[in-house]
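Peer 1: Structure in structure tokens, see below.
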Amino acid sequence: MVSTKGSITPTGMSNPDKEVILTPGAIEKAELQDEPPIFSSTFQEAFFIFIIGLSQLFSIGGVSIAAYPMQQIGTALGTTSNGQMSWFLSSYALCGGVFVLVTGRLGDHFGHKYIFLFGWIWMAIWSVVCGFSHNVKLFDISRGLMGIGNGALVPNSFALLARAFPPMSMKKNIAFAFLGFCAPSGFIFGGLIGGAFGEKVTWRWGFWFWAIGCLFLTAASFLTIPHRIGSAIPGLSLRNFDYIGSLLGISGLILFSFAWSQASVVGWQEPYIYALLIVSIFLLVGFVFSQSYVSSPVLPNSLWSRPGFTPVIVSMVFGWMSFAIFLYYTTVYILTIHKAQPLTAVAQMVPLVIGGFFATMSVGLFIGKTPAQYIFGVSMFSFFIGNLLMSFVNYSNVYWAFIFPACLFVVGGPDLSFASSGIIISNSVLPEEQGVAGSFVSTVVQYSLSLGLGIAATVESHVNEGGENPILGYRGAFWLGIGFAAVGFFIVIFFVRDHRFDSKPEEDSVPDDISGAASQ
């Protein structure tokens with residue numbers, strides 16, 4: 001409670017002889033009324049949401065731009081191995097995921113707007129290099145470095161939205177719902193670009209075109225994003241930056257995912273695979289301990305004590321690993337078993353956009369009235385249904401029998417999980433934790449894509465009878481996706497709760513009239 005001289009009378013006149021006691025909520029409300037609007041017009045506000053959504057479109061599209069023309073890329077670079085070609089996707093997602101936390105914290109230091117701009121420029125540069133690559137190693141490295149640009153875009157887009165709109169506002173709900181819609185749409189968008197150039201011209205032009213788009217969005221972002229919400233957070237110093245934690249976290253996550261992905265290529269009999277896996281675990285344990293001993297941790301351990309944070313994160317890991325398996329192996333199945341051309345494969349997965357539109361609309365309608373754990377649970381069930389349908393795809397060559405409904409239903413997973421988890425977490429963590437929480441959610445999404453592909457490729461290589469039965473290998477991957485989604489679903493059912501609808505003490509409520517909070 002804050003005491004101050006003067007009271008506000010019903011006529012709005014101040015009485016200086018009386019003492020007023022205002023609740024924190026009333027003070028915050030009064031301050032918000034005095035602040036100038038963030039956006040100069042409704043058009044700028046809408047265009048801001050659109051630009052932030054495009055960052056998610058390009059983020060996921062950066063995966064699929066190499067997915068649909070993967071056979072043309074593999075042929076040009078001298079490989080046909082599924083394990084090798086999965087690196088075309090997972091290297092991008094891996095580096096994007098592990099650098100998200102660091103770039104999110106750098107956004108706190110240098111301004112989220114400017115790290116966001118850096119992400120566009122960096123992705124453009126390495127997209128150009130990808131197009132000029134003439135061997136697998138250079139292409140994989142370039143894809144990984146391209147993913148760092150993605151890692152700079154995603155957490156800062158989350159932070160920009162969180163800073164632009166107040167908690168529980170309708171605009172914030174709509175913005176996050178649109179961000180979720182752009183994820184599956186991005187997979188189709190990137191696939192359309194990569195598939196069209198790969199089939200009609202050359203896959204290399206797909207990456208060069210991608211670079212042109214990134215540069216265009218750099219200019220649009222610079223002009224659209226207000227400096228007020230994109231500026232650095234006051235009081236931070238690079239001397240306090242968590243260099244040790246960043247190094248331990250990045251190294252541990254990269255080695256852990258690399259061990260799983262590389263095992264599908266060389267086999268688990270190689271000693272260095274086990275060695276890297278063990279070293280990565282030690283590095284990650286060291287990272288967790290380090291976060292308790294630095295002044296500005298890259299991932300504060302206090303986050304894990306926030307209501308619902310841990311189960312949301314764990315369920316997101318399993319759900320998005322399941323989604324990665326669905327996307328990659330559905331694409332591979334269409335390209336290899338059905339012998340479809342890249343653009344045909346893209347067209348067959350267009351239901352991702354159709355289903356995504358309806359999922360986004362449902363989020364906008366229900367997220368403000370329905371506890372988010374129900375929406376979150378539906379998202380995990382969507383992941384489950386998509387992989388389950390695809391596990392039976394070999395029983396019919398008819399597209400409408402399994403592939404169409406699988407794509408239509410699975411898209412509820414990313415759309416609903418991204419929106420609902422974002423709402424739960426952003427409304428449960430402290431204001432100063434918004435940026436790092438958003439960064440970590442983005443890390444989970446990106447890293448889970450890479451880790452899921454690595455584990456699935458290992459399963460596939462062990463059940464496809466030495467490559468003689470590819471369908472059995474694909475089914476093994478889909479069943480793994482089913483298991484991941486089921487685990488995520490049960491975690492949501494038993495442990496995730498949306499505290500927006502909890503009853504609040506009367507003293508914490510914000511009065512409609514400031515005079516109602518005054519006492520003499």
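The values are calculated or read from the model by the stated rules, or taken from the named source; none is laboratory data. These numbers come from a predicted model, not from an experiment. So basically every Cβ, Gly included, is an ideal-geometry build from the backbone, and we count neighbours across all protein chains shown.
Peer 1: Quick one: which residue in Gly111, Gly119 is in contact with a Gly (Cβ under 6 Å, 6 or more places away or on another chain) and surrounded by fewer than 24 Cβ atoms within 10 Å (Cβ to Cβ)?
Peer 2: Gly111 is the lone residue from the list that is in contact with a Gly (Cβ under 6 Å, 6 or more places away or on another chain) and surrounded by fewer than 24 Cβ atoms within 10 Å (Cβ to Cβ).
Peer 1: Could you check, for segment 222-239, whether at least one of its residues is in contact (Cβ under 8 Å) with a residue 40 or more places away in the chain, over 23 Å from Glu432 (Cα atoms) and not hydroxyl-bearing (Ser, Thr, Tyr)?
Peer 2: Within segment 222-239, one or more residues are in contact (Cβ under 8 Å) with a residue 40 or more places away in the chain, over 23 Å from Glu432 (Cα atoms) and not hydroxyl-bearing (Ser, Thr, Tyr).
Every residue, every condition in (1) of a type outside the set (Phe, Trp, Tyr); (2) in contact with a Pro (Cβ under 9 Å, 6 or more places away or on another chain), yes or no:
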| site | (1), (2) |
| --- | --- |
| Tyr374 | no, no |
| Ser396 | yes, no |
| Phe402 | no, no |
| Gly412 | yes, no |
| Ala419 | yes, no |
| Val436 | yes, yes |
| Tyr447 | no, no |
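Peer 1: Just to check your reading of the model, which residue among Ile325, Ile337 is closer than 21 Å to Gly476 by Cα, surrounded by 24 or more Cβ atoms within 10 Å (Cβ to Cβ), of a type in the set (Val, Ile, Thr) and modelled with pLDDT of 85 or more? Steps first, answer last, please.
Peer 2: Values: Ile337 fails: surrounded by 24 or more Cβ atoms within 10 Å (Cβ to Cβ).
Among Ile325, Ile337, only Ile325 is closer than 21 Å to Gly476 by Cα, surrounded by 24 or more Cβ atoms within 10 Å (Cβ to Cβ), of a type in the set (Val, Ile, Thr) and modelled with pLDDT of 85 or more.
Peer 1: Still on this structure, I have one more. Please verify whether Arg163 is over 22 Å from the mean Cα position of the chain (by Cα) and modelled with pLDDT under 90, treating the condition exactly as stated. I'd like the intermediate steps shown before the answer.
Peer 2: Numbers: over 22 Å from the mean Cα position of the chain (by Cα): no; modelled with pLDDT under 90: yes.
So Arg163 does not fit the description; no.
Peer 1: Now for a different question. What pairs come out if I take residues in segment 394-421 that are modelled with pLDDT under 85 and pair them with residues that are of a type in the set (Phe, Trp, Tyr) whose C-beta lies under 6 Å away, six or more apart or interchain?
Peer 2: Pro414/Phe323; Asp415/Phe181; Ala419/Phe176; Ser420/Phe376
Peer 1: Next question, about the same structure. Need the failing condition index for Phe381 against (1) touching a residue at least 60 places away in the same chain (Cβ under 8 Å); (2) more than 23 Å from Gly488 (Cβ to Cβ); (3) among the aromatic types (Phe, Trp, Tyr), just the number.
Peer 2: The one condition Phe381 does not meet is (2).
Peer 1: Quick one: is Ala456 more than 17 Å from Gly267 (Cβ to Cβ), of a type in the set (A, V, I, L, M, F, W, C) and modelled with pLDDT of 90 or more? Don't jump to the end; show me each part of the working.
Peer 2: Numbers: more than 17 Å from Gly267 (Cβ to Cβ): no; of a type in the set (A, V, I, L, M, F, W, C): yes; modelled with pLDDT of 90 or more: yes.
Against the criterion (more than 17 Å from Gly267 (Cβ to Cβ), of a type in the set (A, V, I, L, M, F, W, C) and modelled with pLDDT of 90 or more), Ala456 does not qualify.
Peer 1: Same structure again: Which of the helices (runs of 4 or more DSSP H) found entirely inside segment 209-318 contain at least 3 residues meeting this: within 25 Å of Ile148 (Cα to Cα) and under 23 Å from the mean Cα position of the chain (by Cα)?
Peer 2: Of the helices (runs of 4 or more DSSP H) lying wholly inside segment 209-318, those with at least 3 residues that are within 25 Å of Ile148 (Cα to Cα) and under 23 Å from the mean Cα position of the chain (by Cα) span 243-266, 271-290.
Peer 1: Can you name the residue in segment 351-383 that is buried (at least 24 other Cβ atoms within 10 Å of the Cβ) and aromatic (Phe, Trp, Tyr) and, of all such residues, is farthest from Gly319 (Cα to Cα)?
Peer 2: Ranking the candidates gives Phe376 first.
Peer 1: If a residue has to be hydrophobic (A, V, I, L, M, F, W, C), touching a residue at least 24 places away in the same chain (Cβ under 8 Å) and surrounded by fewer than 24 Cβ atoms within 10 Å (Cβ to Cβ) to count, how many in segment 71-87 make the cut?
Peer 2: 2
Peer 1: Same structure again: Which of the residues belonging to segment 131-185 are outside any helix (DSSP H, G or I) and either aliphatic (A, V, I, L, M) or crowded, with 22+ Cβ neighbours inside 10 Å (or both)?
Peer 2: Across segment 131-185, the qualifying residue is only Met168.
Peer 1: Out of all the residues in segment 198-207, which are over 18 Å from Leu57 (Cβ atoms) and assigned to a helix (DSSP H, G or I)?
Peer 2: Gly198, Glu199, Lys200, Trp203, Arg204, Trp205, listed by residue number.
Peer 1: Whether any residue in segment 185-195 is modelled with pLDDT of 90 or more and more than 22 Å from the chain's Cα centre (by Cα) is what I want to check.
Peer 2: Taking every residue of segment 185-195 in turn, at least one turns out to be modelled with pLDDT of 90 or more and more than 22 Å from the chain's Cα centre (by Cα).
Peer 1: Provide a single number: the residues in segment 51-83 that are touching a helix residue (DSSP H, G or I) at 6+ places or on another chain (Cβ under 8 Å) and part of a helix (DSSP H, G or I).
Peer 2: Residues meeting the conditions: 23.
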